[in-house]
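S.K.: So that we are looking at the same thing, I have put the structure below in structure tokens.
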Amino acid sequence: MAAPRGVPWEFLVLAAVYFAAAKLGLMLAFVHASATAVWPPTGIALASMLLLGPRVWPAILLGAFLANATTAGNLWTSLGIATGNTLEGVLGAWLVTRFANGSDAFERARDILSFGALAGFLATTVSATVGVTSLALGSYASWNDYGAIWLTWWLGDVAGALVVAPVLILWGRRAPDLQRRDLFGLALLLLALVLTGAIVFGDLFAPWVRSEPLEFLCIPALMWAAFRYRQRGAATSLAVLAGIAVLGTLRGAGPFVREAQNESLLLLQAFLVTLALTILPLAAVVRERARAEEELARLAAIVESSDDAIIGKTLDGTITSWNRGAERLYGYAAQEVIGWPIALITPRELDHELPMILDRLGRGERIDYRETVRVRRDGRRIDVSITVSPTRDPYGRITGAASIARDIGHRREVEIARRERDVLRSVAGLTAAVGHEINNPLAVVMGQAQLLARQVGDGERRRIDEMLDAVERIRETLERMKHINKIVILDGSETLPSMSALTEASPPRTLDEGA
């Protein structure tokens, strides 16, 4: 491990806080001077390493060494215990960072449970094992008492990791989950929790309450903290209750009091650990649900404002949702069609299409950009392009379908007009080429007719002149057709010219003629 960087006094403050919390916890050491069922320093070490990084390990090592050196044992046992406490924090922080989202572990219930398993139950075995073994090897603890001391040590560390660490981490993060207006309500809730704790773990009302199993009275307030004030409120409420419960149990009040004080504290810590693993995940689930509702509301707003028709339906074709785009495209209001079959907008001759689509959706297939016809409320048929996708529940089962439809009528009109334009271009090119080929034999016919007109009588000449006039008109028409070199499609409802327009004396507006 590298030496810490930064201002030395910060590490000295952390070491002093750890030392003070350790001395406070060791005041409750009943099974051995160095083993206590109440050990907040575990939460301090874990929180500081998650928030500040593992570089703070020397401060933890110093605070733990001083606390143990001034309590029991010798230099080597104190160093061994301090090493175990430090390794516990480093290992717990690494495991949480690697597998439980680090300091953001309390954002999701799954990460909280991983936090409890890794930092609460697994990493704490290091401190308990190293510490008790150091005392036993130094002859400061009997090997016969190894199990009892180890259990007390370990459970105290578990409670510190699951009760103290969450409060420090959640309030130490920069991104709060509480607004200022919530702080007053949280203060009132904590006051109510203090009152409840005084009833359960004290003799606020009557002496006979001191030993009754009323610990369940604490649960409603903790649940309200989880639902209303999320992770911070739940963790803070649990820490406040833990302080009240420890004080009351030491005074011989509450449902966990036994003949031996260490046994009483062990039962209490087991209760607090159970509450932590229940209330904190509940708060995270509430937070996740709120975020999911916000995301659904955002997506719903996007769907509702979309220009495309977005329709939800069940696997039997019953309409379940209908956005404004669908209202504009099909002419039906949402309240008119929800609960009706989607066949309402399907033409009779396409009745076979719906079962085929639903069958494919039932197999999990997606239908992309299928062009088809639908019927509006006024009976007008419209060309649409639809995309249909299966919708699934949280367990992955297909429960319905969502379709997105877009009016492609204008696009089809443009495509048809473009095809007509391309055809006309081909015809124009062919006509110019044919005209050029016809001109040569036509010139021969005209020349021969003119020569023949000089050799016949007046009656026959009149007929030849009529033939020459017809040939001249053909030549002029061919000459105009040769000069067509561009056809332009116009926007709007104006149509392309008919083929007969090519023979008119003046060209149509959609034809640009060359000189």
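S.K.: If I ask for residues that are within 10 Å of His32 (Cβ to Cβ), surrounded by fewer than 20 Cβ atoms within 10 Å (Cβ to Cβ) and not hydroxyl-bearing (Ser, Thr, Tyr), which ones from the stretch 135-149 would you list?
M.R.: Within the stretch 135-149, Asp145, Ala148 qualify.
S.K.: So, in the stretch 356-366, exactly how many residues are surrounded by 12 or more Cβ atoms within 10 Å (Cβ to Cβ) and either at pLDDT 85 or above or not hydrophobic (A, V, I, L, M, F, W, C) (or both)?
M.R.: Filtering the stretch 356-366 down to residues surrounded by 12 or more Cβ atoms within 10 Å (Cβ to Cβ) leaves 357-358, 360-362, 365.
Going one step further and asking which of them are either at pLDDT 85 or above or not hydrophobic (A, V, I, L, M, F, W, C) (or both), we end up with 360, 362, 365.
Here the count works out to 3.
S.K.: Moving to a separate point now. What are the residues in the stretch 103-132 that are assigned to a helix (DSSP H, G or I), open to solvent by 10 Å² or more (accessible area, probe 1.4 Å) and under 20 Å from Ala235 (Cα atoms), if any?
M.R.: Of everything in the stretch 103-132, those that are assigned to a helix (DSSP H, G or I), open to solvent by 10 Å² or more (accessible area, probe 1.4 Å) and under 20 Å from Ala235 (Cα atoms) turn out to be Ser103, Asp104, Glu107, Ala109, Arg110, Leu113, Ser114, Ala117, Leu118, Phe121.
S.K.: For the stretch 291-320, name all the residues that are part of a strand (DSSP E or B), without any contact (Cβ under 8 Å) to a residue 60 or more places away in the chain and out of contact with any Leu (no Cβ under 9 Å at 6 or more places or on another chain). Spell out how you get there, then give the answer.
M.R.: Step one: of the stretch 291-320, the residues part of a strand (DSSP E or B) are 309-314, 318-320.
Still in the running and without any contact (Cβ under 8 Å) to a residue 60 or more places away in the chain: 318-319.
Once the filter is applied, which keeps residues that are part of a strand (DSSP E or B), without any contact (Cβ under 8 Å) to a residue 60 or more places away in the chain and out of contact with any Leu (no Cβ under 9 Å at 6 or more places or on another chain), the stretch 291-320 yields only Thr318.
S.K.: Next question, about the same structure. Among the residues of the stretch 326-333, are any touching a strand residue (DSSP E or B) at 6+ places or on another chain (Cβ under 6 Å) and modelled with pLDDT of 90 or more?
M.R.: yes
S.K.: Taking the stretch 7-28 only, how many residues are touching a residue at least 24 places away in the same chain (Cβ under 8 Å) and not in a helix (DSSP H, G or I)?
M.R.: 1
S.K.: Among the residues of the stretch 65-78, how many are open to solvent by 50 Å² or more (accessible area, probe 1.4 Å), part of a helix (DSSP H, G or I) and in contact (Cβ under 8 Å) with a residue 24 or more places away in the chain?
M.R.: Matching residues across the stretch 65-78 total 2.
S.K.: So, one more: State all residues of the stretch 46-64 that are on the phi < 0 side of the Ramachandran plot and open to solvent by less than 50 Å² (accessible area, probe 1.4 Å); if no residue qualifies, say none.
M.R.: Within the stretch 46-64, Leu46, Ala47, Ser48, Met49, Leu50, Val56, Pro58, Ala59, Ile60, Leu61, Gly63, Ala64 qualify.
S.K.: Now for a different question. Taking the stretch 150-165 as the search range and keeping residues that are open to solvent by 30 Å² or more (accessible area, probe 1.4 Å) and in contact with a Gly (Cβ under 9 Å, 6 or more places away or on another chain), which one is nearest to Thr124 (Cα to Cα)?
M.R.: Quick first cut of the stretch 150-165, residues open to solvent by 30 Å² or more (accessible area, probe 1.4 Å) only: 150-151, 154, 164.
Narrowing the set further to residues that are in contact with a Gly (Cβ under 9 Å, 6 or more places away or on another chain) leaves 150, 164.
Values: Trp150: 11, Val164: 14 Å.
Among them, the one singled out is Trp150.
S.K.: Test of understanding: among Val56, Val38, Val90, which residue is in a loop (DSSP other than H, G, I, E, B) and not small (Gly, Ala, Ser)?
M.R.: So the residue among Val56, Val38, Val90 that is in a loop (DSSP other than H, G, I, E, B) and not small (Gly, Ala, Ser) is Val38.
S.K.: So Thr274 passes all but one of these: (1) open to solvent by 50 Å² or more (accessible area, probe 1.4 Å); (2) farther than 30 Å from Val38 by Cβ; (3) free of Cβ contacts under 8 Å to residues at least 24 places away in the same chain. Which condition number does it fail?
M.R.: Unmet for Thr274, out of (1) open to solvent by 50 Å² or more (accessible area, probe 1.4 Å); (2) farther than 30 Å from Val38 by Cβ; (3) free of Cβ contacts under 8 Å to residues at least 24 places away in the same chain: (2).
S.K.: Something else: Among the residues of the stretch 280-303, which ones are open to solvent by 70 Å² or more (accessible area, probe 1.4 Å) and within 26 Å of Leu344 (Cα to Cα)?
M.R.: If the condition is that a residue be open to solvent by 70 Å² or more (accessible area, probe 1.4 Å) and within 26 Å of Leu344 (Cα to Cα), then Ile302 is the only one that fits.
S.K.: Please pick out the residue among Tyr395, Tyr369 that is of a type in the set (Phe, Trp, Tyr), open to solvent by 30 Å² or more (accessible area, probe 1.4 Å) and at positive phi.
M.R.: Tyr369
S.K.: Being touching a residue at least 24 places away in the same chain (Cβ under 8 Å) and open to solvent by 50 Å² or more (accessible area, probe 1.4 Å) is the requirement here; does Arg228 meet it?
M.R.: Working: touching a residue at least 24 places away in the same chain (Cβ under 8 Å): yes; open to solvent by 50 Å² or more (accessible area, probe 1.4 Å): yes.
Taking the combined requirement at face value, the residue satisfies it.
S.K.: Then there is this: Select from the stretch 304-326 the residues that are touching an Asp or Glu at 6+ places or on another chain (Cβ under 7 Å) and either farther than 20 Å from Asp383 by Cα or open to solvent by 40 Å² or more (accessible area, probe 1.4 Å) (or both) and list them in ascending order.
M.R.: Across the stretch 304-326, the qualifying residue is only Arg324.
S.K.: Hey, another quick one. Specify the residue that is farthest from Cys218 (Cα to Cα); the eligible residues are those in the stretch 245-276 that are in a loop (DSSP other than H, G, I, E, B) and either among the charged types (D, E, K, R) or within 41 Å of the chain's Cα centre (by Cα) (or both). Lay out the reasoning, then the answer.
M.R.: Taking the stretch 245-276 first, the residues in a loop (DSSP other than H, G, I, E, B) are 251-260.
With the extra rule that they be either among the charged types (D, E, K, R) or within 41 Å of the chain's Cα centre (by Cα) (or both), the set shrinks to 251, 258-259.
Working: Arg251: 19, Arg258: 20, Glu259: 24 Å.
Filtering the stretch 245-276 for residues that are in a loop (DSSP other than H, G, I, E, B) and either among the charged types (D, E, K, R) or within 41 Å of the chain's Cα centre (by Cα) (or both), the one farthest from Cys218 (Cα to Cα) comes out as Glu259.
The values are calculated or read from the model by the stated rules, or taken from the named source; none is laboratory data. Please read all numbers here as calculations on a predicted model, not as lab measurements. For neighbour counting, all protein chains shown are included, and Cβ atoms are generated from backbone atoms with ideal geometry for every residue, glycine included. All accessible areas refer to the heavy atoms of the entire protein, side chains included, with ligands and DNA or RNA removed. Shrake-Rupley method; radii C 1.70, N 1.55, O 1.52, S 1.80 Å.
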